[in-house]
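Here's the structure we're looking at; comments come further down.
The values are calculated or read from the model by the stated rules, or taken from the named source; none is laboratory data. Keep in mind that what you see is a predicted model, and the values were worked out from it rather than measured. Here the Cβ positions follow ideal geometry from the backbone for every residue, glycine too, while neighbour counts run over all protein chains shown.
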Amino acid sequence: MPTEFISVTFPNASTELNPLENPALDPQFLERYARSLDDYGFNYTLIPYDSASFDPFTIGATVAAHTKNIKIIIALRPNTIYPTVAAKSLATLDQLSGGRVVVHFIAGGSDEEQAKEGDFLDKRQRYERQEEYIRILRRVWQSSEPFDFDGRYYQFKQFHSRVRPVNGTIPVSVGGSSDDAYRIGGALADIFGLWGEPLAETKQQIDRIHAEAARAGRKDRPRIWVTFRPIVAETDELAWAKAHHTLDLLKENRAKGLGKVPPAAPSPQNIGSQRLLEIASRGDVHDRALWYPTVTATNARGASTALVGSPRTIADSIIDYVDLGADLISIRGYDNLNDAVDYGRYILPLVRADLAAREAPQQAVA
Ligand SMILES: Cc1cc2nc3c(=O)[nH]c(=O)nc-3n(C[C@H](O)[C@H](O)[C@H](O)COP(=O)(O)O)c2cc1C
């Protein structure tokens, strides 16, 4: 399968560099952003989940209505919706969009954040519940007969859905970097999502996921998704100047209480963020152009590892990860819409051309 690109959908023009105060959803912005991703050839867009933010399903339906090809990845926390309802909501959106839906599972990385919506399980239990949840969704999508379910977290009788996914099922993605994430994602996921770590650490994570897939008796493996926040400019030198300006703004906004995390945030509980902060403590630049000060500045809240350079440097860095086994590359910037357009114009074509050239038959030398 060819390498594919993922972006993230934003509901309005607010960015981490220029945060608007309590911004409402901006339908015109959403349409323009979604159309830009579709026109510039992104393959997927993630609609993220946060306890305080907009509903991913209605945003996803809007993105579907304004686009033709891009696939819509709905981020889903199992505590927020009963699995039979989620199975139908996802299948409904899948039919509306002509089979363009993917679901991305979030077990929940913070007890405090989970408690806001009534979830008091610990992280081990949350992953255990997620495993049950994924099994239920697949069964709902595939069963032609009503069935009972008697699990630890969910019990129901004689459920049947008439809402079937267009392609028989909907791809399931799992994200996280803890042992439970590797185990459940390795065993059950079609796609496994990772944040951007250096090549050596990414290789370790991919090996763990593959080992868990084999341990579960799978013949196939989850496709690997790796996430970056590229800071691109015409030359490497200009990109580094832009990177330092970006970092200054992230720090200033956080100090003013306008950042994604408060100035004195506690250490994150999720292993993925802990890993990023540990790598950041070992150096600012890793491999070709992977830059970590943006991780420290945001307490590793969400994907925060930058790639800095010219389109050529960024494309070469992305291809390093493709060679390592990454199938899906998520790139989103700090200036959301403009960066998506820049990536669409300068990075996607470069990576795709380089990979296509490798596939082309070698010219005979005269
Ligand atoms: C690619 C990717 C996307 C993610 N999207 C979200 C999201 O939209 N909302 C959210 O709360 N957490 C999101 N997460 C965070 C993790 O799923 C979450 O912290 C995880 O359940 C626990 O992490 P751990 O297994 O590393 O400890 C995402 C993680 C990855 C790798």
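Of all residues in region 259-298, those satisfying the criterion of being more than 16 Å from the ligand (Cβ to nearest atom) and more than 20 Å from Tyr334 (Cβ to Cβ) are Ala264, Ser281, Arg282, Gly283, Asp287.
To keep it simple, each residue is scored yes or no on (1) at pLDDT below 95; (2) within 13 Å of the ligand (Cβ to nearest atom); (3) surrounded by 18 or more Cβ atoms within 10 Å (Cβ to Cβ); (4) closer than 25 Å to Trp291 by Cβ.
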position	(1), (2), (3), (4)
Gly186	no, yes, yes, no
Asp207	no, no, no, yes
Ala213	no, no, yes, no
Ala241	no, no, no, yes
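Counting residues in region 152-168 that are within 14 Å of the ligand (Cβ to nearest atom) and in contact with a helix residue (DSSP H, G or I) (Cβ under 7 Å, 6 or more places away or on another chain) gives zero.
Reported count of residues in region 299-329, each being within 14 Å of the ligand (Cβ to nearest atom), among the charged types (D, E, K, R) and assigned to a helix (DSSP H, G or I), is 0.
In summary, helices (runs of 4 or more DSSP H) completely within region 179-281 and bearing 3 or more residues that are among the basic types (Lys, Arg) occur at 199-215, 236-255.
Looking only at region 98-151, count how many residues are in contact with a Leu (Cβ under 7 Å, 6 or more places away or on another chain), in a helix (DSSP H, G or I) and within 12 Å of the ligand (Cβ to nearest atom). Residues meeting the conditions: 1. Taken as a whole, region 330-337 holds at least one residue that is part of a helix (DSSP H, G or I) and modelled with pLDDT of 95 or more.
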